[in-house]
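First the structure, in the form of structure tokens, and then the observations on it.
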Amino acid sequence: MHPFLKRLASATLLSMVALAAGPASAADYPARPVTIIVPFPPGSISDLSIRLIAAKMTQDLGQTVVVENKGGAGGIVGTTIAAHAKPDGYTLLLGTNSTNAINPSLYKTLPYNAQKDFKPITMTGVIPAIIVARKTLPANNAKELIALAKSKPGMLRIAVGSTTSRVASEALQIDAGIKMITVPYRGEPPGLTDLLGGQVDLMSLNLPTALPQLKQGNIKPIGFVGANRISLLPDVPRIGETVKSYTIPTGWNAIFAPAGTSDAIVKKLNEVIVAALKDPDVKTKLEATGGYIVTPTTPQELGKWVEQDTKTWAHLIKETGIPLL
């Protein structure tokens, strides 16, 4: 065959493959339902928040946006599924600081690359965290907890439902010079259930997950893990006010696409998701969960945020001496 005809045939074949692979431009997207994977069980703030956002996205995109929970292994299971999905805009990830900033430094190996396997779309919100206790635990603040833990070394049980809460737990034990039993869960809701039932003594939780039970008096606050007190619970101190070296970075939620997703589709998704976050009804409902601060960004801003946060967590894990998993 003539070289020109070969090139023409090759170009035609490539065009057919590209058309078969998905929409040629953002104008054709989406042509079918979009799935957002949440790498945690139902009931977490990540799950609740993205369902509110997805409902508005469904209206604006004209296609159903489905939320699928794929919990397990500190968010690794669902994140891996999203990382290996086809980069056509039809499978997205609701990522967190656990899955996309902490795991690379906390695990010896991961089945996904948090930097290379994802393309940032937008942050959705930042979320404070708190350490809480079963209501019958004879400790009401960080000072009393430390004294209790020192009197019963290795006997108190602290639940963790994410790698963020694991780091918060391990760092507290190291900084305060205490030893507790860390009990891992697939996510926050099952750990909270066991805390309410008295199977564990303490838990590190996102504030929106903890707040309803705190208001009902079913659990009690020990202290916030971040650098600031929170206006929703102004009388609850930071643990860092007692353990001076202790501060855990603020958690966040964000939406990512698999690497290789076209810039045009990412741009369209960013516009739709940011519009959903700014919608008065959605924003009000998100903030009503308790402590969820709506934080829309550009893809570039999210990328820089994740890059810096990854370095911050890596430094914290190394300096604190938290054992790798």
Within the accessible area of region 98-216, what % is carbon and sulfur when the probe is 1.4 Å and the other protein chains stay in place? 52 percent
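As a test, work out the antiparallel percent of DSSP beta bridges whose residues both lie in the chain, rounded to the nearest 5.
On the way: 24 of 39 bridges.
Just about 60 percent of them are antiparallel.
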Hypothetical label at residue 312: residues of region 225-269 whose amide nitrogen lies under 11 Å (7 Å Cα-Cβ projection): 226-228, 248-252
What distance in nm separates the simple spin-label points at residue 84 and residue 319, each placed 7 Å from Cα in the Cβ direction? 3.7 nm
Cα gyration tensor of region 41-134, axes a ≥ b ≥ c as square roots of the eigenvalues: rounded (a/c below 1.5), prolate (a/b > b/c) or oblate? oblate
Report the label-to-label distance for residue 113 and residue 304 in nanometres (one decimal), using points 7 Å from each Cα along the Cα→Cβ vector. 2.4 nm
Table column - 3J(HN,Hα) (Hz), region 135-150, Karplus curve with 6.51, -1.76, 1.60, x for Gly and Pro: 5, 9, 5, x, 7, 10, 7, 4, 4, 5, 5, 4, 4, 5, 5, 6
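Give the relative contact order (percent, whole number) for region 191-325; include only Cα pairs under 8 Å separated by 6+ residues. Walk me through the numbers before you get to the answer.
Details: 80 pairs, mean separation 23.2, N = 135.
17 percent.
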Using the per-residue mean of other Cβ atoms lying within 10 Å as a proxy for protection, in what order, highest first, do the peptides 270-283, 188-201, 305-318 fall? 188-201, 270-283, 305-318
Any lysines with Cα under 25 Å of the residue 311 Cα? List them, leaving off those in the same chain fewer than 8 positions away. 108, 116, 119, 244
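The values are calculated or read from the model by the stated rules, or taken from the named source; none is laboratory data. The structure displayed is predicted, hence computed values, not measured ones. Cβ atoms come from the backbone with ideal geometry, glycine included; neighbour counts cover every protein chain shown. In case anyone asks, the SASA skips ligands and DNA or RNA and just uses the protein heavy atoms, side chains included. Shrake-Rupley method; radii C 1.70, N 1.55, O 1.52, S 1.80 Å.
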